[in-house]
Amino acid sequence: MKKVILLSCIIFFPINSFGQEKTQPNIILMIGDGMGLTQITAGMYSNGNKTALEDFTFIGLSKTHSHNSLVTDSAASGTAMASGVKTMNGVIGINIKNQKVKSILEISKEKGYQTGLIATSSIVHATPASFYANVLSRKEYQKIAFQMSESDLDYFIGGGQKHFTKRNDKRNLLQEMEDFDIVSSLSRFNKSQAPKVGLFTNRDEPTRISDGIRIPLKDAVSSVLNQLDKDRKPFFMMVEGSQIDWGGHANDMSYVISEFNDFNDAIQTVLDFTKDHPNTLVIVTADHETGGFSIPKGKIKNFRVEGAFSTIGHTATMVPVFTKGPSAEIFSGIYDNTSIFKKMLKVVNQ
Ligand code: MG
Ligand code: ZN
């Protein structure tokens, strides 16, 4: 009998004693928009045959089709990953029965998590919006901005300030976001002591990284991680390499590669963070492939890649899912993109 009591003490001690602390893992979901296997391959070879993705432990494949289309868009796929439902292309956070669905960001917030979003597009673009908005059209940017102003978000970095300040309803949402310290530079973001901090990198969409004026994604990631790390609570953070997709739409291989490399550097920064913070699950995936990109030829010398595109749109090819950290193993296999939500939910609910 004594043994039984003793044993149960051992088993329950960590849960009872540290229940309010970081027992749930941090979750960092990194989405390369339009980042199929060929985008990764081209980026890897052009980077001297190296990618941060080689350090991941488990790999899965995600089926990206939406409810109404074999070829998804970022809204339907973002909603699938954020909330676990297949919906119509163009729809964010609403299922096919016209009901609003809760996102993993909102659910994790209810479970005591802090939350962060970073994108290299505007913060109201379809992928980041999937984590806080519910709209029938991804193009309703002003409505999405309003929903973000009322959302559970604690930290954000992205473009699109004009959707908050130059509005048809004449409201200035930034003034209404009283809990937030909205800053104008990364150094101010780093110094802010406010409980919620946001940085608009651009009035509209950010430029491409090769223009040399955009904040490298890895720096934005470091800044948000530093803020999240100040608190003892676990966190959910979504990081999007938004413009890998835009390079694909433009059938511009060097655009794809430079955006992939920016994203790859951010992945490395996240992996470095997990060395001191092992209770962090990292998931890297894509919402779909863009461009029907392939590498029909190249040169082995210097790993020179010569790419080809088969469309200016998206394709239905499965996309990889790389995971590392606690519960990483549950992401191996082949599954629908909705399972990415379901698997993250398991981690949050544990
Ligand atoms: Mg996107
Ligand atoms: Zn696209």
query: Mind checking which residues of segment 331-350 are open to solvent by 40 Å² or more (accessible area, probe 1.4 Å) and in contact (Cβ under 8 Å) with a residue 40 or more places away in the chain?
result: SER332, ILE334, ASP336, LYS342, LEU345, ASN349, GLN350
message: Among the residues of segment 96-110, what is the count of those that are open to solvent by less than 90 Å² (accessible area, probe 1.4 Å) and free of Cβ contacts under 8 Å to residues at least 12 places away in the same chain?
response: 0
query: With respect to PRO278, is the statement that it is modelled with pLDDT of 95 or more, away from ligand 2 (no atom under 15 Å from the Cβ) and part of a loop (DSSP other than H, G, I, E, B) true?
result: yes
message: So the check is Cβ under 8 Å with 6+ separation or different chains; which pairs have a first residue in segment 158-175 that's within 30 Å of PRO216 (Cβ to Cβ) and among the hydroxyl-bearing types (Ser, Thr, Tyr) and a second one that's open to solvent by less than 60 Å² (accessible area, probe 1.4 Å) and in a loop (DSSP other than H, G, I, E, B)?
response: THR165/ASN172
query: Restricting to helices (runs of 4 or more DSSP H) lying wholly in segment 1-113: which have 2 or more residues that are at pLDDT below 95 and more than 16 Å from ligand 2 (Cβ to nearest atom)?
result: 2-18
- request: Determine the pairs where a residue that is closer than 14 Å to MET44 by Cα and open to solvent by 100 Å² or more (accessible area, probe 1.4 Å), located within segment 294-312, has a partner that is assigned to a strand (DSSP E or B) and at pLDDT 95 or above with Cβ atoms under 6 Å apart, the partner being 6 or more residues away or on another chain.
  value: ARG304/GLY298
- request: Considering only segment 234-258, state which residues are β-branched (Val, Ile, Thr) and either modelled with pLDDT under 95 or assigned to a helix (DSSP H, G or I) (or both).
  value: ILE244, VAL256, ILE257
task: Confirm whether ASP231 is surrounded by fewer than 16 Cβ atoms within 10 Å (Cβ to Cβ), modelled with pLDDT under 95 and charged (D, E, K, R).
output: yes
Any hit, segment 51-58, residues being of a type in the set (Phe, Trp, Tyr), surrounded by fewer than 20 Cβ atoms within 10 Å (Cβ to Cβ) and either within 15 Å of the chain's Cα centre (by Cα) or closer than 20 Å to MET344 by Cβ (or both): yes
query: Restricting the search to segment 238-256, which residues are surrounded by fewer than 24 Cβ atoms within 10 Å (Cβ to Cβ) and near ligand 2 (Cβ under 10 Å from one of its atoms)?
result: TRP246, HIS249
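The values are calculated or read from the model by the stated rules, or taken from the named source; none is laboratory data. Remember, predicted model here, so these are calculated numbers, not experimental data. Positions of Cβ are backbone-derived with ideal geometry, glycine not excepted, and every protein chain shown enters the neighbour counts. We work out accessible area using only protein heavy atoms, side chains counted, and drop any ligands, DNA or RNA first. Shrake-Rupley method; radii C 1.70, N 1.55, O 1.52, S 1.80 Å.
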